[in-house]
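Student: Quick one: the structure is below, questions incoming.
The values are calculated or read from the model by the stated rules, or taken from the named source; none is laboratory data. Keep in mind it's a predicted model, so treat the numbers as computed, not measured. Here the Cβ positions follow ideal geometry from the backbone for every residue, glycine too, while neighbour counts run over all protein chains shown. Quick note on the areas: whole protein, heavy atoms, side chains included, nothing else; ligands and nucleic acids left out. Shrake-Rupley method; radii C 1.70, N 1.55, O 1.52, S 1.80 Å.
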Amino acid sequence: MIDHRRLGRDLELFVSDPLAGAGLPIWLPAGAAARHAVEEYVRELERRAGYRHVYSPPLGKRELFERSGHLGWFADDMFPPMRLSADDEFVLRPALCPHHALVFAARGRSYRELPLRIAELGGMYRAERSGVLGGLSRVRAISLNDAHNFCAPEQVGAEVREILRLIGEAHAALGVRPAGFRLSVRGPGQRYVGDDAGWARAEDLLRAALDGVDAVEAPGEAAFYGPKIDVQIVDAAGRESTISTVQLDFDKPERFDLSYTDSDGSRKRPVMVHRSLVGSMERLFAYLIEVHEGAFPAWYAPVQVLLLPIDDAQVDAARRLCREAEAAGLRAEVDAGGSLGARIRDAARRRIPYVGVLGDREAADGSVSLRLRDGRGLDPMPRADALRLIGAVVASRSADLLPPA
Ligand SMILES: [Zn+2]
């Protein structure tokens, strides 16, 4: 069976070392290269959609998380506070929302700035029990693709629909195939903040935004502060989890006393929309490793092109082409040791999308023969043409390894 933990080890994407701690995986160079490409893509997608990125620390004063309600409602899932002195306690944050509320509150806000979309790919921590931890799918240190969109109440419906559109765009580029949409609402036996009218209003808004989308309602799956839309995935073992989410929150703007000046000069309370397009990098990659069986689309493959000189005479030509590929923005390597057959098999094992073979003729006339990961081979072509071909596929973020004819 496909298991991202085994593939992650075979492809040297990440390692879990008991000395570092369970649920605290370390991303190796190949995994980090793939993740970096995905992070760059997500930031660019958000920037083009009007998001503004911030940085905030994964640690904050105890009082910040008392104010946000996390210590009152969510303490069981948090690491215990760290005491620095009698009146100075810090906690590892379980969410980014409190810091982003402070970004909104950093100065007076006008209705003209709304929706104000504050994004961050930031660290947060959950005190998961060691029994449930495994690979990248359940971790204690989480790198979340997060944003908080501060809206006027009448903007919320359009904002949620635009977020659902962005989620669809990101999923298409990454190769995520959602198993379904879920409207997570209140349920019996759970504690929630806020009044019934506010909850009913928020649930109706999300229901309206899901118009035309096939979604199931899930009682009891709401966040403690509001209902949410969850986009679900299923892993190779059949376990369902949430990858993307859109949550409405009327509670934190109250707790942090957030307000903006409306067009008539009055003070108004914004609505806070918590959203993640692709979830945490850890859960996303646990899924992507399995769904692609390690053969990522070329644009986020750790090594995009591997250059193989047939023998020692072409090593210099291979190194030159490798530098040209790197200068063109591609991730390239040379593999010069051992038999050609063994090196081709190793490239296939590593799921490298393009292998460039250089023999005497190619070294002499400045060409290269490309072999694609799916078994197709191309006639020798000038090196610049080969780099252009790979560059075009990478830039298009296509799943196919040849540009459209
Ligand atoms: Zn949040």
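Student: With the structure loaded, tell me whether R275 is under 30 Å from A105 (Cβ atoms) and within 16 Å of the ligand (Cβ to nearest atom) or whether it fails that test. If you could, list the steps in order and put the result at the bottom.
Tutor: On the way: under 30 Å from A105 (Cβ atoms): yes; within 16 Å of the ligand (Cβ to nearest atom): yes.
In short, yes.
Student: Of all the residues that make up the stretch 366-405, how many are open to solvent by 50 Å² or more (accessible area, probe 1.4 Å) and within 27 Å of V315 (Cβ to Cβ)?
Tutor: Final tally of qualifying residues: 11.
Student: Residues A147, A152: which one is at pLDDT 95 or above and either closer than 18 Å to L277 by Cα or within 12 Å of the ligand (Cβ to nearest atom) (or both)?
Tutor: Selected residue: A147, the only one of A147, A152 that is at pLDDT 95 or above and either closer than 18 Å to L277 by Cα or within 12 Å of the ligand (Cβ to nearest atom) (or both).
Student: Yes or no: A49 in the same structural domain as L258 (by the TED database) and within 14 Å of the ligand (Cβ to nearest atom)?
Tutor: On the way: in the same structural domain as L258 (by the TED database): yes; within 14 Å of the ligand (Cβ to nearest atom): no.
No, not satisfied.
Student: Continuing with this model, one more query. Hey, can you tell me all the residues within the stretch 116-154 that are open to solvent by 30 Å² or more (accessible area, probe 1.4 Å) and not aliphatic (A, V, I, L, M)?
Tutor: Selection gives R117, Y125, R126, E128, R129, S130, G131, S137, R138, R140, P153, E154.
Student: Return a yes/no flag: does the stretch 90-99 have any residue that is part of a loop (DSSP other than H, G, I, E, B), more than 16 Å from the ligand (Cβ to nearest atom), open to solvent by 20 Å² or more (accessible area, probe 1.4 Å) and in the same structural domain as K252 (by the TED database).
Tutor: We begin by selecting, within the stretch 90-99, every residue part of a loop (DSSP other than H, G, I, E, B); these are 93-96.
This time we only want the ones that are more than 16 Å from the ligand (Cβ to nearest atom), so: none.
Looking for residues that are part of a loop (DSSP other than H, G, I, E, B), more than 16 Å from the ligand (Cβ to nearest atom), open to solvent by 20 Å² or more (accessible area, probe 1.4 Å) and in the same structural domain as K252 (by the TED database), one finds none in the stretch 90-99, hence no.
Student: Taking into account only those residues within the stretch 174-202 that are part of a helix (DSSP H, G or I) and open to solvent by less than 20 Å² (accessible area, probe 1.4 Å), which is farthest from D249 (Cα to Cα)? Let's see the steps before the verdict.
Tutor: So the first thing to find is which residues in the stretch 174-202 are part of a helix (DSSP H, G or I), and the list is 174, 196-202.
After this cut, where a residue has to be open to solvent by less than 20 Å² (accessible area, probe 1.4 Å) as well, the list is 174, 198-199, 202.
Working: L174: 29, G198: 9, W199: 9, A202: 8 Å.
Here the residue is L174.
Student: For D264, which of the numbered conditions (1) away from the ligand (no atom under 16 Å from the Cβ); (2) over 22 Å from L13 (Cβ atoms); (3) touching a strand residue (DSSP E or B) at 6+ places or on another chain (Cβ under 9 Å) fails to hold?
Tutor: Condition not satisfied by D264: (3).
Student: Can you find even one residue in the stretch 344-354 that is open to solvent by less than 30 Å² (accessible area, probe 1.4 Å), of a type in the set (F, W, Y), within 25 Å of E169 (Cα to Cα) and modelled with pLDDT of 95 or more? Talk me through it step by step, then tell me what you get.
Tutor: Applying the first criterion (open to solvent by less than 30 Å² (accessible area, probe 1.4 Å)) to the stretch 344-354 yields 347, 352-354.
Imposing the further condition that a residue be of a type in the set (F, W, Y) reduces the set to 354.
Still in the running and within 25 Å of E169 (Cα to Cα): none.
Within the stretch 344-354, not a single residue is open to solvent by less than 30 Å² (accessible area, probe 1.4 Å), of a type in the set (F, W, Y), within 25 Å of E169 (Cα to Cα) and modelled with pLDDT of 95 or more.
Student: Let me ask something else about it. Restrict the check to the stretch 77-87 and report whether at least one residue is open to solvent by 30 Å² or more (accessible area, probe 1.4 Å) and either on the phi > 0 side of the Ramachandran plot or within 16 Å of the ligand (Cβ to nearest atom) (or both). Even if it seems obvious, please write down each step before you answer.
Tutor: Of the residues in the stretch 77-87, the ones open to solvent by 30 Å² or more (accessible area, probe 1.4 Å) are 77, 79-87.
With either on the phi > 0 side of the Ramachandran plot or within 16 Å of the ligand (Cβ to nearest atom) (or both) added as a condition, the list becomes 77.
Yes, some residue in the stretch 77-87 is open to solvent by 30 Å² or more (accessible area, probe 1.4 Å) and either on the phi > 0 side of the Ramachandran plot or within 16 Å of the ligand (Cβ to nearest atom) (or both).
Student: Could you figure out which of (1) part of a helix (DSSP H, G or I); (2) buried (at least 17 other Cβ atoms within 10 Å of the Cβ); (3) modelled with pLDDT of 95 or more isn't true of L71?
Tutor: (3)
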